[in-house]
1. Ordered by residue, what ³J(HN,Hα) values in Hz, to whole numbers, does the stretch 144-155 give under the Karplus form 6.51 cos²θ - 1.76 cosθ + 1.60, where θ = phi - 60° and Gly and Pro are x?
2. Quick one: compute the contact order of the stretch 25-137, relative version, from alpha carbon pairs under 8 angstrom and 6+ residues apart, as a percent.
3. I'd like the carbon and sulfur percentage of the solvent accessible area for the stretch 86-172, probe radius 1.4 Å, heavy atoms only, ligands and nucleic acids excluded.
4. Assign one of three labels to the stretch 3-72, namely rounded, prolate or oblate, based on the Cα gyration tensor with a ≥ b ≥ c the square roots of its eigenvalues; rounded applies when a/c is under 1.5, prolate when it is not and a/b is larger than b/c, and oblate otherwise.
5. Residue by residue through the stretch 123-133, what is 3J(HN,Hα) from phi via Karplus (6.51 cos²θ - 1.76 cosθ + 1.60, θ = phi - 60°)? Round to whole Hz and write x for glycine and proline.
6. Charges at C-beta only: +1 for Lys and Arg, -1 for Asp and Glu. How large is the resulting dipole of the chain about its Cα centre, in Debye rounded to 20?
7. Placing +1 at every Lys and Arg Cβ and -1 at every Asp and Glu Cβ, with all other atoms neutral, what dipole size does the stretch 89-135 have around its Cα centre, in debye to the nearest 20?
8. Return the long-range amide H neighbours of Glu73 (sequence gap of 5 or more, or a different chain), with a cut-off of under 5 Å between placed amide H atoms.
Amino acid sequence: MTVFFTSDTHFGDPRVLRIDRRPFASLPEHDAALVARWNETVAPADTVWHLGDFALGPPPERVAALLAELHGEKHLIVGNNDGPATLRAPGWASVAHYAEIDEGGHRLVLCHYAFRTWNRMGRGVIDLHGHSHGKLKPMTRQFDVGVDAFDYRPVTLETILGSRRRRAAPSR
(Lines give C-alpha, C1' and ligand atoms only; values in the text may rest on other atoms or scores of the structure.)
Protein backbone atom coordinates (compact mmCIF):
# COMPACT_ATOMS: atom_id res chain seq x y z
CA MET A 1 0.00 0.00 0.00
CA THR A 2 1.28 3.45 -0.98
CA VAL A 3 0.13 6.80 0.39
CA PHE A 4 -0.48 9.65 -2.04
CA PHE A 5 -1.32 13.33 -1.69
CA THR A 6 -3.14 15.72 -3.99
CA SER A 7 -5.47 18.71 -4.00
CA ASP A 8 -7.39 21.13 -6.16
CA THR A 9 -8.77 18.70 -8.72
CA HIS A 10 -11.80 21.00 -9.08
CA PHE A 11 -13.87 18.36 -10.86
CA GLY A 12 -16.83 19.97 -12.61
CA ASP A 13 -15.54 23.51 -12.04
CA PRO A 14 -15.17 25.39 -15.37
CA ARG A 15 -13.24 28.24 -13.73
CA VAL A 16 -10.03 26.16 -13.55
CA LEU A 17 -9.74 26.08 -17.33
CA ARG A 18 -9.80 29.87 -17.46
CA ILE A 19 -8.22 31.02 -14.19
CA ASP A 20 -5.53 28.34 -13.90
CA ARG A 21 -5.07 27.86 -17.64
CA ARG A 22 -5.15 24.10 -17.39
CA PRO A 23 -4.22 22.47 -20.72
CA PHE A 24 -7.58 20.92 -21.53
CA ALA A 25 -10.00 21.96 -24.27
CA SER A 26 -13.15 21.37 -22.22
CA LEU A 27 -14.33 20.53 -18.74
CA PRO A 28 -15.27 16.93 -19.68
CA GLU A 29 -11.75 16.47 -21.11
CA HIS A 30 -10.26 17.96 -17.92
CA ASP A 31 -12.25 15.69 -15.63
CA ALA A 32 -11.56 12.57 -17.73
CA ALA A 33 -7.82 13.33 -17.85
CA LEU A 34 -7.59 13.82 -14.09
CA VAL A 35 -9.48 10.57 -13.44
CA ALA A 36 -7.22 8.70 -15.89
CA ARG A 37 -4.01 10.12 -14.39
CA TRP A 38 -5.23 9.36 -10.85
CA ASN A 39 -6.03 5.76 -11.75
CA GLU A 40 -2.73 5.30 -13.66
CA THR A 41 -0.93 6.35 -10.47
CA VAL A 42 -3.02 5.00 -7.60
CA ALA A 43 -3.83 1.32 -7.07
CA PRO A 44 -7.14 0.26 -5.49
CA ALA A 45 -5.41 -0.66 -2.18
CA ASP A 46 -3.51 2.66 -1.91
CA THR A 47 -4.47 5.65 0.24
CA VAL A 48 -4.99 9.19 -1.06
CA TRP A 49 -5.17 12.32 1.06
CA HIS A 50 -7.01 14.95 -0.99
CA LEU A 51 -6.25 18.36 0.51
CA GLY A 52 -9.34 20.15 -0.66
CA ASP A 53 -11.28 21.54 -3.60
CA PHE A 54 -12.26 18.13 -4.90
CA ALA A 55 -15.32 19.23 -6.90
CA LEU A 56 -17.53 22.26 -7.30
CA GLY A 57 -20.65 22.32 -9.42
CA PRO A 58 -21.54 18.72 -10.19
CA PRO A 59 -24.72 17.32 -8.65
CA PRO A 60 -24.33 14.94 -5.68
CA GLU A 61 -24.73 11.83 -7.84
CA ARG A 62 -21.86 12.94 -10.12
CA VAL A 63 -19.58 13.64 -7.13
CA ALA A 64 -20.39 10.16 -5.77
CA ALA A 65 -19.71 8.62 -9.18
CA LEU A 66 -16.34 10.37 -9.41
CA LEU A 67 -15.33 9.09 -5.97
CA ALA A 68 -16.39 5.57 -6.90
CA GLU A 69 -14.37 5.75 -10.13
CA LEU A 70 -11.15 6.89 -8.45
CA HIS A 71 -8.81 4.24 -7.04
CA GLY A 72 -7.77 4.08 -3.41
CA GLU A 73 -9.06 4.80 0.05
CA LYS A 74 -9.77 8.52 -0.05
CA HIS A 75 -9.50 11.05 2.79
CA LEU A 76 -10.69 14.63 2.33
CA ILE A 77 -9.19 17.66 3.99
CA VAL A 78 -11.89 20.24 3.30
CA GLY A 79 -11.15 23.11 0.94
CA ASN A 80 -12.96 26.41 0.42
CA ASN A 81 -14.66 25.09 -2.74
CA ASP A 82 -15.92 21.81 -1.28
CA GLY A 83 -19.68 22.17 -1.02
CA PRO A 84 -22.27 19.96 0.62
CA ALA A 85 -22.32 17.48 -2.30
CA THR A 86 -18.60 16.83 -1.83
CA LEU A 87 -18.66 16.72 1.96
CA ARG A 88 -21.60 14.29 2.12
CA ALA A 89 -20.57 12.07 -0.78
CA PRO A 90 -20.18 8.40 -0.02
CA GLY A 91 -16.66 7.21 -0.68
CA TRP A 92 -14.63 9.30 1.75
CA ALA A 93 -12.87 7.29 4.47
CA SER A 94 -12.69 10.54 6.47
CA VAL A 95 -13.54 14.22 6.13
CA ALA A 96 -11.75 16.85 8.26
CA HIS A 97 -10.44 20.40 8.05
CA TYR A 98 -6.98 19.51 9.36
CA ALA A 99 -4.92 16.42 10.13
CA GLU A 100 -1.52 15.46 11.49
CA ILE A 101 -0.18 12.10 10.34
CA ASP A 102 3.04 10.13 10.25
CA GLU A 103 4.19 8.96 6.84
CA GLY A 104 7.51 7.58 5.65
CA GLY A 105 9.27 8.52 8.87
CA HIS A 106 8.01 12.11 8.70
CA ARG A 107 5.39 13.96 10.73
CA LEU A 108 3.03 15.87 8.42
CA VAL A 109 0.54 18.66 8.93
CA LEU A 110 -2.24 18.53 6.31
CA CYS A 111 -4.55 21.44 5.52
CA HIS A 112 -6.05 22.96 2.40
CA TYR A 113 -4.36 26.27 3.20
CA ALA A 114 -0.65 27.03 3.38
CA PHE A 115 0.42 28.04 6.86
CA ARG A 116 2.95 30.68 7.74
CA THR A 117 3.74 28.66 10.86
CA TRP A 118 2.50 25.22 11.93
CA ASN A 119 2.66 22.83 14.83
CA ARG A 120 6.26 21.75 15.58
CA MET A 121 7.63 23.33 12.41
CA GLY A 122 10.91 23.96 14.23
CA ARG A 123 11.18 20.23 14.90
CA GLY A 124 11.08 19.12 11.29
CA VAL A 125 7.33 18.73 10.79
CA ILE A 126 6.34 19.14 7.13
CA ASP A 127 3.33 21.17 5.99
CA LEU A 128 1.43 19.87 2.96
CA HIS A 129 -1.26 22.10 1.47
CA GLY A 130 -3.25 22.97 -1.61
CA HIS A 131 -5.23 26.10 -2.49
CA SER A 132 -2.42 28.05 -4.14
CA HIS A 133 -2.27 26.13 -7.44
CA GLY A 134 1.54 26.13 -7.47
CA LYS A 135 1.78 29.93 -7.28
CA LEU A 136 3.21 30.49 -3.78
CA LYS A 137 6.90 30.97 -3.18
CA PRO A 138 7.99 27.79 -1.35
CA MET A 139 8.95 27.84 2.32
CA THR A 140 11.24 25.35 4.02
CA ARG A 141 9.39 22.07 4.74
CA GLN A 142 6.20 23.36 3.10
CA PHE A 143 4.84 21.88 -0.12
CA ASP A 144 1.87 22.54 -2.39
CA VAL A 145 0.53 19.12 -3.39
CA GLY A 146 -2.03 20.43 -5.87
CA VAL A 147 -2.51 18.90 -9.28
CA ASP A 148 -1.25 22.11 -10.90
CA ALA A 149 2.15 21.50 -9.28
CA PHE A 150 2.37 17.75 -10.02
CA ASP A 151 1.25 16.85 -13.55
CA TYR A 152 -2.45 16.64 -12.63
CA ARG A 153 -2.04 13.48 -10.53
CA PRO A 154 -1.55 12.37 -6.90
CA VAL A 155 2.05 12.05 -5.70
CA THR A 156 3.96 10.26 -2.96
CA LEU A 157 5.77 12.01 -0.15
CA GLU A 158 9.06 10.85 -1.70
CA THR A 159 8.14 12.66 -4.93
CA ILE A 160 7.04 15.75 -3.02
CA LEU A 161 10.26 15.92 -1.00
CA GLY A 162 12.36 15.31 -4.12
CA SER A 163 10.63 18.10 -6.02
CA ARG A 164 13.06 20.69 -4.71
CA ARG A 165 16.66 20.22 -5.68
CA ARG A 166 19.22 21.98 -3.51
CA ARG A 167 21.45 24.27 -5.46
CA ALA A 168 24.97 22.98 -5.63
CA ALA A 169 27.51 24.94 -3.64
CA PRO A 170 29.76 26.99 -5.89
CA SER A 171 33.13 25.40 -6.51
CA ARG A 172 36.13 27.14 -5.06
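1. Once θ is set to phi - 60°, the couplings for the stretch 144-155 become 7, 9, x, 4, 5, 8, 9, 6, 6, 8, x, 9 Hz.
2. On the way: 183 pairs, mean separation 24.4, N = 113.
Computed over the stretch 25-137, the figure is 22 percent.
3. On the way: 2780 of 5580 Å².
The value for the stretch 86-172 is 50 percent carbon and sulfur by accessible area.
4. Here the stretch 3-72 falls in the prolate category.
5. Once θ is set to phi - 60°, the couplings for the stretch 123-133 become 10, x, 5, 9, 9, 10, 8, x, 6, 8, 6 Hz.
6. On the way: 21 positive and 20 negative charges, 218 e Å.
Taking the Cα centre of the chain as origin, the dipole is about 1040 debye.
7. Details: 5 positive and 4 negative charges, 44 e Å.
The dipole of the stretch 89-135 has a size of about 220 debye.
8. The list, which skips near neighbours in sequence, is Asp46, Thr47, Val48.
The values are calculated or read from the model by the stated rules, or taken from the named source; none is laboratory data. Everything numeric here is computed off the predicted structure, so don't read it as measured data. Positions of Cβ are backbone-derived with ideal geometry, glycine not excepted, and every protein chain shown enters the neighbour counts. All accessible areas refer to the heavy atoms of the entire protein, side chains included, with ligands and DNA or RNA removed. Shrake-Rupley method; radii C 1.70, N 1.55, O 1.52, S 1.80 Å.
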